[in-house]
1. Cut-off 10 angstrom, C-alpha nodes, Gaussian network model of chain B. Which of B:Ala111, B:Ala78, B:Ala266 fluctuates the most?
2. Running Debye on the stretch A:214-287 with equal point scatterers at the Cα sites and no solvent, what base-10 log of I(q)/I(0) appears at q = 0.12, 0.17, 0.20, 0.23 Å⁻¹?
3. When all C-alpha to C-alpha distances in the stretch A:172-326 are sorted into bins of 10 Å, what percent of pairs does each bin hold, rounded to whole numbers?
4. Rounded to the nearest 20 Debye, what is the dipole magnitude of the stretch A:18-130 about its Cα centre when Lys and Arg each give +1 and Asp and Glu each give -1 at the C-beta?
5. Place +1 on the Cβ of every Lys and Arg and -1 on the Cβ of every Asp and Glu in the stretch B:2-89, take the dipole about the Cα centre, and give the residue among B:Ala30, B:Leu17, B:Ile45 whose Cα lies farthest towards its positive end.
6. Would you work out the relative contact order for chain A, in percent, from Cα pairs under 8 angstrom that are 6 or more residues apart?
7. For B:Val49, what residues show an amide H to amide H distance below 5 Å, using hydrogens built from the backbone and excluding near sequence neighbours?
8. Would you kindly calculate the translational diffusion coefficient of the stretch A:115-172, applying Stokes-Einstein with the Kirkwood radius from alpha carbon pairs, for 20 °C and a viscosity of 1.002 mPa s, and quote it in µm² s⁻¹ without decimals?
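The values are calculated or read from the model by the stated rules, or taken from the named source; none is laboratory data. What you see is a predicted model; the values in this text were computed from it and never measured. Here Cβ is always computed from backbone atoms with ideal geometry, including for glycine, and neighbour counts include all displayed protein chains. The area values use the complete protein model at the heavy-atom level, side chains included, leaving out ligands, DNA and RNA. Shrake-Rupley method; radii C 1.70, N 1.55, O 1.52, S 1.80 Å.
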Amino acid sequence: MATANMNPNRNPMPTQDPAVRARNFDEVALGYTEEMALDEAKRCLNCKNAPCVTGCPVKIRIPEFLAKIRDKDYEGAYQIITESSSLPAVCGRVCPQENQCEAKCVRGIKGESVGIGRLERFVADWHNAHCAEDPVLPPQNGIRVAIIGSGPSGLTCAGDLAKKGYDVTVYEALHVAGGVLVYGIPEFRLPKKIVAKEVETLRKLGVKIETNVVIGKTLTVDELFEMGYKAVFIGSGAGLPKFMRIPGETLNGVYSANEFLTRSNLMKAYRSNPETPIMKGGKVAVVGGGNVAMDAARTALRLGAEQVSVVYRRSMEELPARREEVEHAEEEGIQFRLLCSPTEILGYHNPDDPRDPKNGFVTGISCIKMELSEPDERGRRRPVPIPGSDFTLEADTVIMSIGTSPNPLIKSTTQGLAVTPTGGIVVNEAGLTSRAGVYAGGDAVTGAATVISAMGAGKTAAKAIHEALSPTIE
Amino acid sequence: MYRIAEKKILNPTVTQLQIEAPLVAKKAKAGQFIILRVDEEGERIPLTVAGTDPAAGTVKIIFQTVGATTEKLARKEAGDFLQDFVGPLGVATELEGLKKVCIVGGGVGCAIALPIAQALKNLGAEVTGIIGFRNGDLVILEEEFRACCNTLTVMTDDGSYGKKGNVTLPLKELLEKGEKFDRIIAIGPLVMMKFTVLTAKPFAIPVTVSMNPIMIDGTGMCGGCRLTLNTPAGKVTKFACVDGPDFDGYQVDFDEAMLRGRMYGAFEKHAHEETCNLFKKEGK
C-alpha cells in the first residue's frame, strides 16, 4: 500500500450555508467530491484486525471498500458494501458512524477517525449516478417469505433473502414503501429519491411490495402461513408516540413528532402540498433531545417558524442526538433550552365567547428548571426539578418528541407471540420469536433505535430464515 | 389502484361508492373504517365502512362533500380508480348479547349506523331507529333503515319531512315512557352525540358513540386522533384509530373533541375553495 495520508484531520463535509439551508429542504450535506474521497480513503491505515468492521452492525468489509476507492474502482467498492448492506446510500447518510465503525478507527486515537460514512455515501452516490444496469437475478428457489413492514429492517431482510433466491413479498401499511425512511427522516437529511431508488433496486431483485396492507388487520400472521409463506419476518417498527401525560397535550397545535414529521415528509407539507395542513410559522417548541427531536425542530424552521426551541430536561452532555445533527441545528439558529422540563401546555380560552377561533389553541408551555443529581448507583445523573423555578415559554406549536413504543396491532392478533412488558416482541439471538417460523427485528423488538441496528436485525433474521428453510430446497 | 365498481348519489351532498378491495371486503365489520387517497399527493381520509359484499369483493363507502378531498372523490365515476384504499382499521362495534337497542343516526352518520342496525337485526335484536337530517332533501337510507328497524322515526330540523326537531326529542319521549334499551348507539355530528348522551344520562342507559377525528395513518402511529376519556380512574388519552372508533359516550370529552376538529378549519375552507375554483375552470 502507498504511504497513508497522515493528516490528523478528516476532509470536512461540504454543506449548504446554514443561513440558506435553514429555509429550504434540500440536502444539508453535499457529499465528497472524487478528490476529497480519494484523499480521505488514503487516511486508512488498512489495519490487519480491522477494528472498524467490529463496530459495524452489518459488518461491512470497510478496509476493502476503502482500498477499492484508492484504486478508483468505485463500482468495486459499491459491490463490497452491498454484500453486507442493502441500503448503502441511506446508511452513508443516517448511520451514527461516530458511535460505530468510526468510533473503533485507530486514526481516531490521535486525531479524527477516517470519514467512513462519508466515503460510503460517496460510493453509493457514484454508483447511483453511473450504473444503470439491473442487478443479476439469482436462481429462484420458489420458497415464499413474507416481510411485514418496509422500513430498514424489513427491506434488509427482504434484500438478503431475495439475493439467495427466495420469493419475497413485503407488506406495508402505508401507501409508500420505506417506513421511517419516508415518513420520519426529513428530505434535507435523506432525500426521498434515494429511498425510492433503494426500494427500486429491491424490486429488480424480484421483491414484491404490497402497500396498503395492515398485517394484524387486513391479513393476520396466521393467514400469511395459510397463503403459503414458509417464514414471516416482523419489522413493523416502533409506531406509537409517547406523550408526557401533562395537562394540555390535546390542545390544538400539540403534535407528536411522528405526526408532525409524517405531515411534512410522507404527506408532503414540505413541498406546500395544498392538501396537507400543518401548523407553521410562529414559535415552535420541541420537547425531547433525540435525533427525531432534531429532525422535527429543523423541519419546523424550514416550514417557516420564527423561532424554534428544543426543550430538554438534561444538559447538552446527555443529549442523545448525533453531535453532527446538534451542530447543524445550532448553526441554523435552533435554540436549546436545556435542564428544563414542561409541566403543562397552556392554551387560549375565551370564557366570554365559546366561538372565538383561538379557543383551544396552544399559547405556551409552563416549564420548570432542572438540575442534575449526584450520579446514582448506575452512574446516571437524574434531572431534579429546582423548586420555584417555573417559567413560561411562549409557543404556538408544541412537538412532543419523547419516544415511541412498539405497535401492538400484530401482537394483539397473533396467538402465542411473546412480548416484553413494554410491548417489544421477544426474540432469540437469531431473531426467532416464540412462534415457529416467525422472526422479528428492528424497533418492533428493541423500541426506538437506529436505522442501522434495525438493518443488522433484518440481516440476522434473513440468515436464520435461510438456515431454517434451505434444507427444504429440492 | 382500487376500482370504483358503482356510484350512487344519495342526496345533493352525499355520495355512495362501491370500491373493489377484496381483502378489506372479506374482513371489515360494522363499526370499522378504511383510509383512502383519491390520487397521488392526495390526503389520507378515514371513512367508516357502510357495508361490504365479500363475494363481489367490494366495500361500500358513503360520504358527504365537506372539503377538497371529498369534493374530488364525489366527482369520480364508476370505472375510475382510487390511488389507495386500506383497512379495515379500528375495532368493530361490540354487538354480542344486545337484545334491545336504539340506533340514533345524524346526517351522513346514518351511513355508519345502518350496517350496525342491520347486524343487530341479523343477531335477532329489537332495533329502534331514530334518524335525523337538516331537511327533507337530505334524507338518506330511509328504506334501508325501515327494513332492519322494528320502528323508525325520521326527524328534520325544519320539519320539511318526518317530524320536526332533533333526534333527542323522540329519544327522550321513548325513555320517559319507560323504554329500557340495553344500549343506545349514537353516530353523527359531535354535538348530536353529546346531547344524545345527556338525554340518556338520567335513565342510566349505556351509550356507545363513534368518533371520527382527524388522523393520518390509522394504525396508531401519528397520535393525531387522540381524545380524552373521563374514566373513574381519571383522565385517559386514547387513540380513536386503534382504541376506537367506538367509545363509551359517558366518558368522551366532546367539547375537547369539537375544538380539535376545528384545528385546520381555516386551511380546509381555503383548500375546498381552491378545488372548487379548479373544477369551475375545468368546466369552462
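1. Its mean-square fluctuation being the largest, the pick is B:Ala266.
2. -0.56, -0.82, -0.94, -1.08
3. 9, 32, 32, 18, 7, 0
4. 400 debye
5. B:Ala30
6. Worked out over chain A, it gives 16 percent.
7. Amide H to amide H, under 5 Å and 5 or more residues apart or across chains, B:Val49 pairs with B:Gly31, B:Gln32, B:Phe33, B:Ile34.
8. 162 µm²/s
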